[in-house]
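Each value in this text was obtained by applying a stated rule to the coordinates, not by laboratory testing. This is a predicted model, so every value here is computed, not measured. When we count neighbours, we look across all protein chains shown, and the Cβ atoms used for this are built from the backbone with ideal geometry, even at glycine.
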Amino acid sequence: MNIANALKDMKKPDTTQKALFATVEEVTEEGIKIRVDGEEEVRQTYYNSLANVDVKDRVYIQYVSGTILIIGRLMYKKG
């Protein structure tokens, strides 16, 4: 198989996937607990983050290899 055929057969990423957001509920040395938007309960798993976050921060998340990775926190301008 040549490269041109391999590239032609590649599946395009799904661009209709909704963005996922959550609220930080706990920050410890073990990781971060979150409550995903649309869920009432806090997730009992500790997750890793690419950014420094604090309790009550709103964060953008992605599912990666069967777990959640916190990509970053949302920045708000007041006023």
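The figures follow:
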| read-out | value |
| --- | --- |
| Rounded FRET efficiency, nearest 0.05, which uses the C-beta distance separating Val42 from Ser65 and R0 of 22 Å | 0.50 |
| The range 17-73: equivalent-ellipsoid semi-axes (sqrt of 5 x gyration tensor eigenvalues, Cα, Å) | 15, 13, 11 |
| Environment charge of Thr45, counting only residues whose C-beta is closer than 13 Å and scoring Lys/Arg +1, Asp/Glu -1 | -2 |
| Amide hydrogen neighbours beyond the local backbone of Asp57, cut-off 5 Å, H modeled | Val24 |
| Summed side-chain charge close to Thr23 - residues other than Thr23 whose Cβ falls under 15 Å, Lys, Arg +1, Asp, Glu -1 | -2 |
